[in-house]
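The values are calculated or read from the model by the stated rules, or taken from the named source; none is laboratory data. Here the structure is a predicted model, which means the values were calculated and not measured. Cβ atoms come from the backbone with ideal geometry, glycine included; neighbour counts cover every protein chain shown. Areas reflect the complete protein model, heavy atoms only, side chains present, ligands, DNA and RNA absent. Shrake-Rupley method; radii C 1.70, N 1.55, O 1.52, S 1.80 Å.
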Amino acid sequence: MSLEKGNLSINSENIMPIIKKWLYSDTDIFIRELVSNASDAVTKLKKLAQMGDAPGVGADETYRVDIVVDKAGRTIEIIDNGIGMTADEVRTYINRIAFSGASEFLEKYKETEAASGEIIGHFGLGFYSAFMVSERVEIDTLSYREGEKAAHWSCDGGVEYSMDEGERSARGTTVTLHINEDSQEFLEEHKLRQMLRKYCGFMPVDIYLEAVKPPSDTPDSDDTTPDASADTDADPDEIVINDTPEAGKPAAKPVNDKSPLWLKPANECTDEEYKEFYHKVFSDFADPLFWIHLNMDYPFRLKGILYFPRLKNELEYIEGQVKLYNNQVFVADNIKEVIPEFLLLLKGTLDCPDIPLNVSRSFLQNDSNVSKMSGYITRKVADKLLSIFKKDRAAYDGYWGDISPFIKYGCIKDRDFYDKMKGALLLKTLSGEYNTIDEFKERNKDKTGDNVYYVSNEAQQAAYIKMFREEGMDAAILSTNLDNPFVSYVESYDSSVRFKRIDSELSGALKTEGEDTAALGEQLQTLFRKHLGNEELKVSAENIKAAGVSAVMLQSEQGRRMEEMSKMFGSAGALPPGMFAQETTLVINTNSPLVKSLVELADDETRSADVEIIAKQIYDLAQMSHKPLDADAMASFFERSNRILHMALK
């Protein structure tokens, strides 16, 4: 048996450290690359067998990939019974890595992949991810071709390798990793199982994990005591002791599901299957609201399922997760180049065999298909939502509380999505109904015209809400952080509607016709400025129908939006805080008995203290219905309230 030694065909002796440290962003990616190669070897053999080009491989052949971890021996083996390699193929695929021609290599690889259908890749750059965690790597392989000899290859991570005739007697390949000191964590069975489920959970070949137990942990043949060292994180029926289960023990289960639900035609999937898949993949015990099953073959291939999750709180929608796969191999979560940003609020799985990937399969290159995929996914989501809106409006209304953050964000981020969805944007109203913008305007046009009045805080704006309800008026509830930019966006594309918060102005329907209040307004402004010690205070008088309301605080809609923008971006350093601070106007209700009594006492010097305390109380009550009082103002309000109660008892 002759031993072959040589140098790897690379351009610099520094290339191996670069591979180890920089080729992949996550060290654990090695398991994906090596198991993918093993899966490819099996898939290619299956294709050859189907075409009759693999003598000796029967139709009933059982294919599998085994991962064997030996913590004591510090090794991980990846074993497949696929196509195997000849010594010449080892030289071709393993030894010759010309990094100066990487782009040419990738182009050839891409053509090979397209020609072979579902082949994910082949031995090449991905194999060298093994050296990120290994001090030495060995390959034992035997080709499916008749008459070929087994080959053994070994490399310690430098530029030198050795290769001689191997001892493997079964078709396939074994890659043995001798794990280095810095990567001992990967020898833990629970860690390896977690990695396999993440990266290889849906690969198309059964994958089994075996943990070799040290001799001291092996029970005697008559000892029935359970092994206390067994992996407590794994399911009992998934722990593999060896390839052939012992009598009385459950058969080993693969760590993967080689037939994920997205491969099944949508018309053959049940609701229970969709829910079960959702719970399994995303560990979410709550059922999703609904889902979209994607299936496209031209001009690119795309399959997947997108779920609309049920939100537990307002901010949860930022925690979506869309998993991207390439022929059932996990690539990454939330790839913005393929998946529109607003869709990342959802949960789902997308399998895109045509996505162009660099050598690490982690980042997308520029490609026209990517933008086409993004646009296709957006259209399919919009079509699904519109279908529910048109065919089952009651269900759509019921979903709105959960899906509205996603839809509003989508409208802001994607004009095409807004154009499709604008007729199905709903407003939840104070009356408990769900209306489109046009429906809301039609219901309220007699009293509010084209204006859409809304509340952002029902408890705080209760006084304004009470006035609206007494006059048979309705308002929308827009209380999330998205609503301020959302209404501005809608207004920018629809000039027929204007959103106004309920405390931005007094609708004519809330006022009675009466004598001019301008002169009384000037008198009240003088009174309130004097007793509040604020010469800049803006005060006006109006004949408000609700006699129980002594005053309200108003701020223009645009002024308030600019102020909120100033606070938001000012806190981020983009704008000086308070740059757009706007004045408010205290509107005194001349129909209020309290205000009338206050005006009568205004010129009585003996009651000046009483006038001052009531003026301050009216101001604070109006302020509290507009926004929260600061700490000092709230303390003064409580103290003053007690004094007023004491005065009432006297």
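Solvent-accessible area per residue in the stretch 485-555 equals 47 Å², computed with a 1.4 angstrom probe and all protein chains kept. Remark: spin-label model distance Lys530-Asp182 equals 8.0 nm, labels positioned 7 Å along the Cα→Cβ axis. Taken about its Cα centre, the stretch 365-420 carries a charge dipole of about 120 debye when Lys and Arg each add +1 at the Cβ and Asp and Glu each add -1 at the Cβ.
The charge dipole of the stretch 451-514, taken about its Cα centre with unit charges on the Cβ atoms of Lys, Arg (+1), Asp and Glu (-1) only, comes to about 60 debye.
Extension gain Glu439-Ala633, at 0.36 nm per residue separation less the Cα-Cα distance, in nm? Net length gain for the segment: 65.7 nm. Computed from backbone phi, the HN-Hα couplings of the stretch 57-69 come to 9, x, 5, 9, 4, 9, 9, 6, 10, 10, 10, 10, 10 Hz, rounded to whole numbers (Karplus: 6.51 cos²θ - 1.76 cosθ + 1.60, θ = phi - 60°; Gly and Pro given as x).
Each of Ser507, Leu524, Ala475 was scored by the projection of its Cα onto the charge dipole of the stretch 453-545, and the greatest displacement toward the positive side belongs to Leu524; charges sit on the C-beta of Lys, Arg, Asp and Glu. Per-residue packing, averaged as other Cβ atoms within 10 Å, sorts the ranges 36-42, 167-173 into the order 36-42, 167-173, beginning with the highest. With θ taken as phi - 60° and the Karplus curve 6.51 cos²θ - 1.76 cosθ + 1.60 applied, the whole-hertz 3J(HN,Hα) list for the stretch 178-191 is 9, 5, 7, 4, 7, 10, 4, 4, 6, 8, 7, 4, 5, 5 Hz, x standing for glycine and proline.
Residues with beta-carbon under 13 Å from that of Asn543, excluding Asn543: net charge, scoring Lys, Arg +1 and Asp, Glu -1? Summing Lys/Arg as +1 and Asp/Glu as -1 gives -1.
Skipping prolines and chain starts, which residues have an amide H placed within reach, meaning under 5 Å, of the one on Arg64, given they are 5 or more residues away or on another chain? Amide H neighbours of Arg64, under 5 Å, 5+ apart: Asn81.
Using the average count of surrounding beta-carbon atoms within 10 Å as a protection proxy, the listed peptides 197-207, 294-304 rank, highest first, as 197-207, 294-304. Can you work out the FRET efficiency for the pair Asn481 and Glu61, with r the C-beta to C-beta distance and R0 = 60 Å, to the nearest 0.05? The formula returns an efficiency of 0.55 here.
Taking label points 7 Å from Cα along the Cα-to-Cβ direction, Thr585 and Gln460 give a separation of 2.1 nm. In this label model, Glu513 and Leu594 are separated by 3.0 nm, measuring between points 7 Å along each Cα→Cβ vector.
Listed values for the stretch 406-416 are Karplus-derived 3J(HN,Hα) couplings in whole Hz (6.51 cos²θ - 1.76 cosθ + 1.60, θ = phi - 60°), namely 5, 5, 5, 5, x, 4, 5, 8, 9, 4, 4, and x replaces Gly and Pro. The local environment of Met195, defined by Cβ-Cβ distances under 12 Å, has a net charge of -1 under the rule Lys, Arg +1 and Asp, Glu -1. Put a plus charge on the Cβ of each Lys and Arg, a minus charge on the Cβ of each Asp and Glu, and nothing anywhere else: the dipole of the stretch 395-530 about its Cα centre is then about 360 debye. Residues whose amide H falls under 5 Å from that of Tyr325, counting only those 5 or more places apart or on a different chain, are Val331, Leu350, Asp351, Cys352, with hydrogens built in the peptide plane. Peptides 407-418, 322-333, 389-400 ordered by packing proxy, namely the average of other Cβ atoms within 10 Å per residue, highest first: 322-333, 407-418, 389-400.
Calculated FRET efficiency, Lys5 to Asp333, Cβ-Cβ distance, R0 = 56 Å: about 0.85 to the nearest 0.05.
Computed over the stretch 507-561, the P(r) curve from all C-alpha pair distances, binned at 5 Å from the origin, holds 4, 16, 21, 25, 20, 13, 2 percent per bin. Taking K and R as +1 and D and E as -1, what net charge do the other residues with C-beta under 14 Å from the C-beta of Ser143 add up to? For residues surrounding Ser143, the net value is -2.
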